[in-house]
Amino acid sequence: MAKLTPAPGALFDAGNFRLYDNRIEINKYGLLGGLKGFDVIYYSDIASIKAGKKELQINRNNLKGRVTLEFKKKEQTQAALAIINGNKA
């Protein structure tokens, strides 16, 4: 089986998720902890974002629900929010 690698050209890389110019890629892990794939959220599918000090809660337009992205620093949260707002069509 081929090793899964994220797409190059990320504007922000936080390890378990990456922000690109039109989407967010989140790592999905299997039952035993191995990388199973990627969940993709396009900026056009975002209904609302709630920003905390070190997290972003993203509500999607469809029935998939909410995704929470956690950061290590407050500045990283603000930078990620600026990328999403700057690239959302």
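For the chain, the Kirkwood estimate of the hydrodynamic radius, built from every pair of different alpha carbons, is 13.7 Å.
With both labels modelled 7 Å from their Cα along Cα-to-Cβ, the residue 55 to residue 75 distance reads 2.3 nm.
Overall form of the stretch 48-89: oblate. Here a/c, set by the Cα gyration tensor axes a ≥ b ≥ c, is 1.5 or more, and a/b is not larger than b/c.
Close Lys pairs in the stretch 10-88, defined as Cα atoms under 14 Å apart and 8 or more places apart or on different chains, number 8.
Using θ = phi - 60° in the Karplus curve 6.51 cos²θ - 1.76 cosθ + 1.60, the 3J(HN,Hα) couplings for the stretch 41-51 round to 10, 7, 4, 6, 8, 8, 8, 7, 10, 10, 9 Hz; x is entered for Gly and Pro. Scan the chain and report its longest stretch carrying no trypsin sites (Lys or Arg not before Pro) that are both in a DSSP loop and have at most 10 other Cβ atoms within 10 Å. Value returned for the longest uninterrupted segment is 4-52. The heavy atoms of residue 39 offer some 40 square angstrom of accessible surface to a 1.4 angstrom probe.
To the nearest ten degrees, helix 74-87 and the longest principal axis of the Cα atoms of the chain are 90 degrees apart. For residue 20, the residues 5 or more places off, or on other chains, whose built amide H falls under 5 Å of its own are 11, 25.
The values are calculated or read from the model by the stated rules, or taken from the named source; none is laboratory data. Just so we're clear, the structure is a prediction, and the values are computed from it rather than from any experiment. Heads up, the Cβs are rebuilt from the backbone with ideal geometry, glycines too, and the neighbour counts pull from every protein chain shown. Note: areas computed on protein heavy atoms with side chains; ligands, DNA, RNA excluded. Shrake-Rupley method; radii C 1.70, N 1.55, O 1.52, S 1.80 Å.
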